[in-house]
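Trainee: Encoded as structure tokens, here's the structure I'll be asking about.
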Amino acid sequence: MPQSVQQLDDGHVRWVAEVRGQRREWTTEITDQRPDEKIAWKTIDGEVKSDGVVTFEPVGESQARINVEMDVEGL
């Protein structure tokens, strides 16, 4: 589980997690972003590979279903 996720700029995010007592850090690049619909990313640097996509699906006037797909290696 990430300890922190920091957006560095409009296209890059820095992740930090502690795994079995060891700190792991990696940077991802946002590859697709559509407001209120989708965010996709791929790893570009670091000790962990974390590629994924989050989609948001409206299920009511003020509710959404959030779907997360991640491929993680190195944790």
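The values are calculated or read from the model by the stated rules, or taken from the named source; none is laboratory data. If you're wondering where the values come from, they're calculated on a predicted model, not measured in any experiment. Note that each Cβ is placed from the backbone with ideal geometry, even for glycine, and that neighbours are counted across all protein chains shown. In case anyone asks, the SASA skips ligands and DNA or RNA and just uses the protein heavy atoms, side chains included. Shrake-Rupley method; radii C 1.70, N 1.55, O 1.52, S 1.80 Å.
Trainee: What number comes out for the charge environment of Gly46, summing +1 per Lys or Arg and -1 per Asp or Glu over other residues with Cβ under 15 Å away?
Mentor: Result for the local shell: -3.
Trainee: Take Arg20, Arg34, Arg14 and sort them by solvent-accessible surface of the protein heavy atoms, 1.4 Å probe, largest at the top.
Mentor: Largest to smallest exposure gives the sequence Arg20, Arg34, Arg14.
Trainee: Okay, next question. When the accessible area of the chain is computed with all protein chains present and a 1.4 Å probe, what percentage of it is carbon and sulfur?
Mentor: So the carbon and sulfur contribution to the accessible surface is 44 percent.
Trainee: Net charge near Arg24: determine it from the other residues with C-beta under 9 Å of the C-beta of Arg24, scoring Lys and Arg +1 and Asp and Glu -1.
Mentor: That sum, taken over residues with Cβ under 9 Å, equals -2.
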